[in-house]
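Peer 1: Encoded as structure tokens, here's the structure I'll be asking about.
The values are calculated or read from the model by the stated rules, or taken from the named source; none is laboratory data. Every value quoted in this text rests on a predicted model; they were computed, and no experiment measured them. Neighbour counts run over all protein chains shown; Cβ positions are idealised from the backbone, glycine included.
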Amino acid sequence: MNLKITIKNEGDANKLILVSAIGLLESLENKLLTINECQQYLFSPYSVSILEKEGLEKKVIEIVELGCELEDVESLFPDDLDIEIRKLKEKAKRVLKKIKFNPDFNEDRKWLDQY
């Protein structure tokens, strides 16, 4: 399978990362994914470095960085894990709400394609 994701502007990139983070956190909270799986998808230092390199918003990168720390919370404070997941999910939602609508948005534009 060869899928390609093309994001044409910073606003779309910030939104896609936040939506992905919220979905991962929801899945983690509901025991549909493990922390390890979430790290493989997004919550890793590698992802943080790519997002920084691409110039995403600092608050978006911070959400991903905090997601990287969930493994530490799980091992050191397992009773606090669900609380930290919910807090991070709510923070991601607040940041997402603040990203302005892109007036150049084209409904025919696709970000997912095959190559």
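Peer 1: Any residue at all in region 78-99 that's β-branched (Val, Ile, Thr), at pLDDT below 95 and either surrounded by 14 or more Cβ atoms within 10 Å (Cβ to Cβ) or assigned to a helix (DSSP H, G or I) (or both)? Step through it out loud before you land on a result.
Peer 2: So in region 78-99, the residues β-branched (Val, Ile, Thr) come out as 83, 85, 95, 99.
This time we only want the ones that are at pLDDT below 95, so: 99.
When the remaining residues are screened for being either surrounded by 14 or more Cβ atoms within 10 Å (Cβ to Cβ) or assigned to a helix (DSSP H, G or I) (or both), the result is 99.
Yes, region 78-99 contains at least one residue that is β-branched (Val, Ile, Thr), at pLDDT below 95 and either surrounded by 14 or more Cβ atoms within 10 Å (Cβ to Cβ) or assigned to a helix (DSSP H, G or I) (or both).
Peer 1: Counting only residues that are in contact with an Asp or Glu (Cβ under 9 Å, 6 or more places away or on another chain) and surrounded by fewer than 19 Cβ atoms within 10 Å (Cβ to Cβ), how many does region 59-73 have?
Peer 2: 2
Peer 1: Please specify each residue of region 29-55 satisfying the condition of being touching a residue at least 12 places away in the same chain (Cβ under 8 Å) and touching a Phe, Trp or Tyr at 6+ places or on another chain (Cβ under 9 Å).
Peer 2: Correct list: Ile35, Ser47.
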